[in-house]
Amino acid sequence: MSPDAAEASRGSRTHGAGRGGGLRTGSLRTRTVLAVLGLLAVLLVGLGLTVQLVLGERLRAQIEERLADRAAAAAALIGTVSNDDLAARLSAQGVSVLIESPDGGAVVAGPTPDELRRGPDPAALPPLGGPGGDGAPAPTDAPAPTDDTPAAADDTAAPTDTTSTAPTDTASPAQTGATVTASSIDSSDARLLTLRSELSDGSTLTLTTDTSGVEQTLAQLRGIMLAASAAFLVVAAGALVLVVRRSLRPLDTMTALARDIGGGDRGRRLRPSRPRTEIGRTARAFDEMLDEIEGAERAAREAEAAAREAAATAREAEGAAQQAELVARRAEADSHASELVARRAEAESHASELVAVEAERRVRAFVSDAAHELRTPVAGMRAAADTLVRASVDPAGRERLAVHVVREAGRAGRLIDDMLLMARLDEGLTLARRPVSLREVVDAEAERQRIRHPQLELRVHAPAELRVDGDPERLGQVLANLVDNASRMTGGRGPVTVTLAASADGRAAHLEVADDGPGVPAADRERIFDRLVRLDASRATAGGAAGSGLGLPIARGIARAHGGELRCLEPLTPRGARFALTLPRALPPDSPTIVPAG
């Protein structure tokens with residue numbers, strides 16, 4: 001392959017893999033026309049700006065030159081005519097004139113700079129026909145101008161708005177003519193141009209003229225150039241469309257040829273006349289690609305024929321091998337089926353054995369836990385009963401022993417109830433589900449706790465009305481277990497805080513019970529939910545009257561039966577414990593369902 005073809009091939013692969021393997025297929029004709037038109041537009045804008053800048057500077061320079069000529073001509077007339085007459089002549093063409101004499105006198109003629117800045121008043125303009133207003137020639141009492149007299153001095157209109165601030169005398173014959181010794185231009189105002197000239201006799205001549213004509217000329221020029229540029233761009237666009245269409249005609253030829261080849265005419269080629277041009281390199285690369293494709297197709301057909309022959313031979317050999325293999329597989333299948341039956345029976349036997357062992361372990365653990373927990377209250381009842389039967393006890397002691405027996409019997413009854421509930425939870429607790437207001441459950445349980453523990457400081461924060469689908473009695477039992485546990489940990493006085501709120505996504509109800517007791521160590525926050533687990537700190541806090549160790553496991557079991565969870569969290573204060581119950585909310589039927597990830 002030639003270097004040009006290799007370059008074209010690399011370029012095509014680069015562009016093809018540029019954006020996810022797709023070739024950019026925008027209209028080449030449109031992009032070319034738009035690019036050239038954009039370039040022409042930029043050049044026309046640059047040309048217009050250049051012409052505007054150069055012409056504007058030239059027009060302002062001409063105004064400065066005219067003012068300088070008038071100042072020089074006026075200086076030559078100093079001493080020949082009076083300052084008032086000279087100022088009137090200089091202001092005849094709308095120039096503001098200020099002549100300051102060496103003795104402090106000043107002559108002002110023509111419009112003021114503010115009037116020049118505002119522009120001419122149409123109502124004050126004289127009618128057509130001459131400055132006199134009636135077409136009559138201007139007065140001719142002024143002396144004839146000299147060769148240096150400016151164009152403004154040639155106009156013989158009557159002087160207007162001439163103001164003298166000091167008496168002006170006709171110049172003496174000794175003072176005839178002066179020269180300009182220094183001049184300065186002030187163009188800080190965009191609409192005005194001021195020339196200040198210092199004369200050799202000590203006078204100062206200030207001429208101010210309006211430059212709005214320059215802006216008007218530039219505006220007219222801008223309009224003309226915009227219209228001409230638009231017409232030029234329209235003509236250029238038409239010409240570009242024709243030229244680009246003719247230039248891209250070889251691509252249409254390539255497209256038609258590619259479609260013919262795709263239809264089955266594989267022998268056609270482009271064969272470019274000039275292969276070193278851009279389109280020539282593309283056409284040559286296209287021809288080379290077609291040659292390679294045809295060669296690959298021929299090689300594939302030959303390989304396919306050879307493969308078919310080999311496959312036929314292999315099929316014959318495979319048929320014989322398959323017959324022998326079928327016999328062997330049938331025998332193997334029979335043996336494997338027998339083995340599977342034996343393994344399945346063994347697995348079922350092993351599974352039954354594991355279930356029996358686990359059930360036996362649970363029964364033994366339950367019996368051991370029950371015997372261990374019931375031993376203390378039963379022993380207390382036996383000792384009190386023996387004392388009541390065998391010893392002579394006074395009425396007060398007999399009553400105290402009877403109360404002790406009743407208390408221990410109640411404790412034993414509660415232990416039995418809790419163990420039975422744990423057994424039901426293991427088997428699968430049956431719940432009487434219905435829509436329940438957690439706020440009502442919290443308020444009812446808080447009222448019950450205040451009756452049972454009058455000295456307990458119980459704080460309830462339940463601003464939201466949250467409903468769940470659950471068993472109200474079992475949910476109340478969970479809250480009762482948590483509050484009883486918090487009450488024991490705080491010595492029966494609290495404070496205990498119950499907070500009800502919705503989760504961040506609004507899909508769950510969040511119930512927290514917090515106290516300021518000794519708290520739960522981080523290592524034991526999961527262990528306390530095991531059966532019959534009681535921490536030493538709880539015994540110390542409760543003065544030896546700790547719970548049975550089943551309240552928290554029962555509460556977690558009820559929460560999980562409702563599809564929720566009960567956890568012991570990090571407390572928000574240095575002391576205390578914090579338990580959080582999370583339950584799914586009972587949402588309306590039309591609410592969107594959020595499926596958790598995973």
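The values are calculated or read from the model by the stated rules, or taken from the named source; none is laboratory data. Because the structure is a prediction, the values reported are computed rather than measured. When we count neighbours, we look across all protein chains shown, and the Cβ atoms used for this are built from the backbone with ideal geometry, even at glycine. Note: accessible area is taken over every heavy atom of the protein model, side chains too, but ligands, DNA and RNA are not part of it. Shrake-Rupley method; radii C 1.70, N 1.55, O 1.52, S 1.80 Å.
A few remarks follow.
- Unique residue being over 30 Å from residue 421 (Cα atoms), more than 60 Å from the chain's Cα centre (by Cα) and among the aliphatic types (A, V, I, L, M) when the list is 347, 314, 300: 314
- Scanning segment 557-576 for residues that are at pLDDT 90 or above and surrounded by 15 or more Cβ atoms within 10 Å (Cβ to Cβ) returns 564, 566, 568.
- Pairs, first part of a loop (DSSP other than H, G, I, E, B) in segment 564-575, second surrounded by 13 or more Cβ atoms within 10 Å (Cβ to Cβ) and of a type in the set (S, T, N, Q), C-beta under 6 Å, six or more apart: 564/582
- Meets criteria (open to solvent by 90 Å² or more (accessible area, probe 1.4 Å), in a helix (DSSP H, G or I) and under 30 Å from residue 250 (Cα atoms)) for residue 316: no
- Residue ID - surrounded by the most Cβ atoms within 10 Å (Cβ to Cβ), chosen from residues in segment 434-475 that are more than 17 Å from residue 585 (Cβ to Cβ) and under 43 Å from the mean Cα position of the chain (by Cα): 460
- Filtered residues of segment 89-104 (kept if more than 22 Å from residue 191 (Cβ to Cβ) and at pLDDT 80 or above): 99, 100, 101, 102, 103
- For segment 210-221, the set of residues classified as modelled with pLDDT under 85 and either under 27 Å from residue 82 (Cα atoms) or open to solvent by 40 Å² or more (accessible area, probe 1.4 Å) (or both) consists of 210, 215, 216, listed by residue number.
- Flag set for residue 272, criterion: open to solvent by less than 50 Å² (accessible area, probe 1.4 Å) and without any contact (Cβ under 8 Å) to a residue 40 or more places away in the chain.
- Counting only strands (runs of 3 or more DSSP E) that sit completely within segment 446-543, those holding 2 or more residues that are hydrophobic (A, V, I, L, M, F, W, C) correspond to 458-461, 496-502, 508-515.
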